[in-house]
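Structure record follows, encoded as structure tokens.
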2 protein chains.
Amino acid sequence: MAKLKLTLVLDSGARIGPGKAALLESIQDTGSISASARSMAMDYKRAWLLVDSLNKAFDTPVVERTTGGAGGGGARLTPFGQDLLSRYQRLQGAVTKLATDDLAAIEQRALPEAGPKV
Amino acid sequence: MAKLKLTLVLDSGARIGPGKAALLESIQDTGSISASARSMAMDYKRAWLLVDSLNKAFDTPVVERTTGGAGGGGARLTPFGQDLLSRYQRLQGAVTKLATDDLAAIEQRALPEAGPKV
């Protein structure tokens, strides 16, 4: 079934799309950037850059380091990060629901293989 | 004000986002791929490739050539192309409306300059 990808584009040009949202979701679940990177088959540096770009896009961090514990520290969403992620998830859910009939109608006419990616 | 970008991703991997939607809108208005390319500051080949990829993604063309007339022929949306564009526009409008409060809340925390693009 066809899907809808949602990307928030801020005035600054910063973007928050499905990739960053999935990373934030995984950090929320795992409490770790490196565990999230592994679970998303992404190298650590890439995950770190995505987190860093989110942190630099706002006047307050989205992800913060945690210290201590057996694992020697990790990462978690700040309250603002949680708010940002839940807004994205809510919009994604609402949009997907709104688009169900359109996506079905469009997919019905789609060929199984797309042409070259442009 | 922050914006929401919508991209339809078909099972085949074919994508229809703001760029292709704007091109279809322009072809609908101008009746010409080359005039549309010019008005979007895009080279003709790129516009043609985008149209071609749309035409190859479905079991029916999205854009067709027109022949005759003073200009020696041009292009227009097929009925399916019109349907596709109007579904996209309707979704984009509905989503933008749905997201107004979220976008305002998120933009309020955004810094004027984004970090490096990742």
Exercise. Residues B:A104, B:A114: which one is within 30 Å of A:L85 (Cβ to Cβ) and modelled with pLDDT of 95 or more?
Worked result: B:A104
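Sort out which residues of the range A:77-99 are in a helix (DSSP H, G or I), without any contact (Cβ under 8 Å) to a residue 40 or more places away in the chain and either open to solvent by less than 30 Å² (accessible area, probe 1.4 Å) or closer than 20 Å to B:Q92 by Cα (or both), and write them in order of number.
Taking the range A:77-99 as the starting set, the residues that turn out to be in a helix (DSSP H, G or I) are A:79-99.
Add one more test, that the residue is without any contact (Cβ under 8 Å) to a residue 40 or more places away in the chain, and what stays is A:79-80, A:83, A:86-87, A:90, A:93-94, A:97-98.
The answer is A:F80, A:R87, A:R90, A:G93, A:A94, A:K97, A:L98.
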Exercise. Which residues, counting only those in the range B:1-16, are assigned to a loop (DSSP other than H, G, I, E, B) and open to solvent by less than 60 Å² (accessible area, probe 1.4 Å)?
Worked result: B:A2, B:L10, B:S12, B:G13, B:A14
Seminar exercise, completed: Going through (1) within 11 Å of chain A (Cβ to nearest Cβ); (2) exposed (fewer than 14 other Cβ atoms within 10 Å of the Cβ); (3) of a type in the set (V, I, T) one by one, B:T67 fails only at (1)
For this session: Looking only at the range B:4-12, decide whether some residue is over 21 Å from A:Y88 (Cα atoms), in contact with a Gly (Cβ under 7 Å, 6 or more places away or on another chain) and either charged (D, E, K, R) or more than 7 Å from every other protein chain (Cβ to nearest Cβ) (or both).
Result: no
For this session: For B:G74, work out the one condition from (1) within 11 Å of chain A (Cβ to nearest Cβ); (2) open to solvent by less than 30 Å² (accessible area, probe 1.4 Å); (3) modelled with pLDDT under 95 it doesn't fulfil.
Result: (1)
Exercise. Mind checking whether some residue in the range B:100-111 is among the basic types (K, R), within 25 Å of A:A94 (Cβ to Cβ), at the interface with chain A (Cβ under 8 Å from one of its Cβ atoms) and buried (at least 16 other Cβ atoms within 10 Å of the Cβ)?
Worked result: no
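The values are calculated or read from the model by the stated rules, or taken from the named source; none is laboratory data. As the structure is a prediction and not an experimental result, all values here were calculated from the model. Methodologically, a virtual Cβ is constructed for each residue, glycine included, from the backbone with ideal geometry; neighbour enumeration extends over all protein chains shown. Heavy atoms of the whole protein, side chains included, go into the accessibility calculation; ligands, DNA and RNA do not. Shrake-Rupley method; radii C 1.70, N 1.55, O 1.52, S 1.80 Å.
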